[in-house]
Every structure is written in structure tokens, then in C-alpha cells.
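Shown next, in C-alpha cells, is the structure this report addresses.
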Amino acid sequence: MELFFKWIKQHLRIKRFLATTENAVKTQIWCAIATYVLIAIIKKELQLDASLYTCLQILSVSVFEKTHISCALQQTISHSDLHCHANQLILFDI
């Protein structure tokens, strides 16, 4: 049981619990685990070299952008790849 909570503290991004009831805590932990597993599946399917933590950081920053996940998680985006963002305008063309 101790190892489970240690893993939760190290890998899941739960800063605080939104409620204190048993059901609320369980629900929040299950949501965090489901998110972690989905990111792990995406990392495996896209064959990314980045760590899961890095993938989570990138997705948390780009959560409100209209980009494909594969485009958001690529390390280097060339100028020709910017055309995959059809709804995105280029502010500075350097």
C-alpha cells in the first residue's frame, strides 16, 4: 500500500484533493491514473523518445490549442509542418 501512494506522489499530478469524501478522493485518483495511462498509450503509439512527464507538460501547455497531438508532441517543428495547423495564423514569418 505504501508503494502505491509513493508512486501516486511521484507520477500523478495531484496537488490537492478537491473534496474530502472517500468517493471524491477515489474519483480524482482514478481520473489521474486514467490520464496517465492514456498518455502512456499515446507515447507508445507515436513512438516518442520523451518521458511521460515531458509529454504531460507539453499537453498541459497546449490544452486549449487546436493542434493534433502528434504535432504538439514532436520535438522540432519545421516551417513546413506549420501548415498542418490550418486554423493557426503565423504572426511573425522569420
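Results, tabulated for the structure shown:
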| quantity | calculated |
| --- | --- |
| Every residue from segment 64-84 that is modelled with pLDDT of 55 or more, open to solvent by less than 90 Å² (accessible area, probe 1.4 Å) and of a type outside the set (S, T, N, Q) | 69, 71, 72, 73 |
| Some residue of segment 11-29 being under 27 Å from residue 72 (Cβ atoms), in a helix (DSSP H, G or I), among the polar types (S, T, N, Q) and open to solvent by less than 100 Å² (accessible area, probe 1.4 Å) | yes |
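The values are calculated or read from the model by the stated rules, or taken from the named source; none is laboratory data. Keep in mind that this is a model prediction, so the values were computed, not measured. Here Cβ is always computed from backbone atoms with ideal geometry, including for glycine, and neighbour counts include all displayed protein chains. Note: accessible area is taken over every heavy atom of the protein model, side chains too, but ligands, DNA and RNA are not part of it. Shrake-Rupley method; radii C 1.70, N 1.55, O 1.52, S 1.80 Å.
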